Amino acid sequence: MTFRVAIVGATGAVGTEFIRVLERRRFPVRELRLLASKRSAGTKLRFCGEELTVEELTPESFRGMDLALFSAGSAVSKQYREACVAAGCLMVDNSSAFRLEDGVPLVVPEVNPQEAAKALRARGGKGVIANPNCVTIIALVVLAPLHREAGIKRLVAATYQAASGAGHAAMVELQDSTRAYLEGRPYEPKVLPVPYAFNLFPHNSPWLAEQGYCEEELKLRRESHKILGDSSPRITATCVRVPVLRAHSEALNVEFARPLSVARAYEILRTSPGVKVFEDPARNRWPMPIDAAGRDSVLVGRIRVDQSQPNTLDLWVVGDQLLKGAALNAVQCAELALLGELRPNAD
Ligand code: A2P
């Protein structure tokens, strides 16, 4: 069986990774249609050795397509959902537009794979799978197996998030502003609200004054509850943007309902899908964004007892935001729904 696949936002940071991930996972693509705004219509991109031309996205773009991978922001996803689904095309959406909507599966394939097929209209689904928030995916690949073992009572997360989460233009801004800083030239931020080079700042998603959190921090809580199918873990987070290009790091402090030793946590994570224990304690080496960049697996290390209270562990987790945090997870969702199985990861 082969599929006609559309990529919405094909010129973006995640869109270009969709192309690479489809290619290297040998997703059975019969035809690939690359879609973006009018601005980049006509751009040439390569897929499996072939040069393809980016087309302007229109409601007709989905006619005859089987699968559409969306990463062009919530507004575009909302605007084109109807046209996509009405054309009988499965929508896998990387935006936050439908993640918490009832009946729309929110899927991390290693955690709740059974949900993916529920999106199919042939099975009474809505034709949409939502790809979770990047920080949430990266945390849950590691935390879900521990939750199954010992029950998470409370999670306190601190994140160190890369530029890629804010799109291709933010990655360029990090590079350009760093160059300008080193050359002593002034640089006016264009994409992010504050200077980025040699700086960090609380996450730039909207600040919700009533709650005291930014949106990103609430996504981790709400989306984790939906994916785990369990809203009992209490979750709080501080999300921070750091001057790293494409991998997110997370310090996770996790209180469990039942005792869980460090040794047992390592044992579980050594055999958990999508996770790699990655550390060399003797050399004081732990997972870093440059280790995770370009990798499929989420890296974990530095698992230790929190000495301040019982039944609590600290973990350090790093994952490629563009891959497991976005494009890879979305393609895996499509594999589960359309092929009924996951293809193997590269590492
Ligand atoms: P374009 O290159 O035409 O601007 P990123 O997440 O890296 O910022 O990328 C966003 C992606 O979404 C790009 O491919 C961008 O295309 C695309 N995009 C943004 N707005 C629209 C729109 N209104 N219609 C179609 N594609 C869009």
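The values are calculated or read from the model by the stated rules, or taken from the named source; none is laboratory data. On a predicted model such as this, the values are computed, not experimentally measured, just so you know. Here the Cβ is made from the backbone with ideal geometry for all residues, glycine too, and neighbour counts use every protein chain on show.
Before moving on, here are some points about what is shown:
- Gln321 vs. criteria within 24 Å of Val254 (Cβ to Cβ), touching a residue at least 12 places away in the same chain (Cβ under 8 Å), surrounded by 23 or more Cβ atoms within 10 Å (Cβ to Cβ) and polar (S, T, N, Q): yes
- The stretch 254-269 residues that are free of Cβ contacts under 8 Å to residues at least 40 places away in the same chain, paired with ones that are surrounded by 13 or more Cβ atoms within 10 Å (Cβ to Cβ) and in a strand (DSSP E or B) (beta carbon under 7 Å, 6 or more apart): Tyr266/Val277; Tyr266/Ile303
- Every pair of residues 6+ apart whose Cβ atoms lie under 8 Å, when the first sits in the stretch 69-88 and is closer than 25 Å to Gly165 by Cα and of a type in the set (S, T, N, Q) while the second is within 11 Å of the ligand (Cβ to nearest atom) and in a loop (DSSP other than H, G, I, E, B): Ser71/Gly9; Ser71/Gly12; Ser71/Asn94; Ser71/Ser95; Ser74/Ser95; Ser77/Ser95
- You will find that of Val54, Val5, Val76, the residue that is aliphatic (A, V, I, L, M), under 29 Å from Arg295 (Cα atoms), crowded, with 19+ Cβ neighbours inside 10 Å and away from the ligand (no atom under 13 Å from the Cβ) is Val5 and no other.
- Among residues of the stretch 213-227, those that are within 18 Å of Asn253 (Cα to Cα) and of a type in the set (A, V, I, L, M, F, W, C), counted: 2
- Once the stretch 186-229 is narrowed to residues that are of a type in the set (Phe, Trp, Tyr) and in a loop (DSSP other than H, G, I, E, B), the residue that is surrounded by the fewest Cβ atoms within 10 Å (Cβ to Cβ) is Phe198.
- Residues located in the stretch 8-31, provided they are under 11 Å from Glu55 (Cα atoms) and either more than 15 Å from the ligand (Cβ to nearest atom) or not small (Gly, Ala, Ser) (or both): Val8, Thr11
- Qualifying residue in the stretch 99-120 (condition: surrounded by fewer than 19 Cβ atoms within 10 Å (Cβ to Cβ), of a type in the set (Lys, Arg), more than 16 Å from the chain's Cα centre (by Cα) and outside the structural domain of Arg241 (by TED's automatic domain parsing)): yes
- Yes/no for Leu34 being closer than 17 Å to Asn94 by Cα and either not assigned by TED's automatic domain parsing to the domain that holds Arg121 or not acidic (Asp, Glu) (or both): yes
- Qualifying residue in the stretch 155-168 (condition: out of contact with any Phe, Trp or Tyr (no Cβ under 7 Å at 6 or more places or on another chain) and more than 30 Å from Pro233 (Cα to Cα)): yes
- Failed criterion for Ala144 (all others in (1) in contact with a Pro (Cβ under 7 Å, 6 or more places away or on another chain); (2) within 27 Å of Leu252 (Cα to Cα) hold): (1)
Rundown of residues vs (1) within 16 Å of the ligand (Cβ to nearest atom); (2) among the polar types (S, T, N, Q), yes/no style:
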site	(1), (2)
Gly165	yes, no
Ala169	yes, no
Ser177	no, yes
Trp207	no, no
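- Scope the stretch 47-68; condition charged (D, E, K, R) and in contact (Cβ under 8 Å) with a residue 24 or more places away in the chain; matching residues: Arg63, Asp66
- Scanning the stretch 147-169 for residues that are in a strand (DSSP E or B) and either under 19 Å from the mean Cα position of the chain (by Cα) or of a type in the set (A, V, I, L, M, F, W, C) (or both) yields Ile152, Leu155, Val156, Ala157, Ala158, Thr159, Tyr160, Gln161.
- Listing of strands (runs of 3 or more DSSP E) fully contained in the stretch 237-307 that carry 1 or more residues being in contact with a Pro (Cβ under 6 Å, 6 or more places away or on another chain): 247-256, 298-305
- Of the criteria (1) assigned to a loop (DSSP other than H, G, I, E, B); (2) in the same structural domain as Ala72 (by TED's automatic domain parsing); (3) small (Gly, Ala, Ser), which one Ala334 fails: (1)
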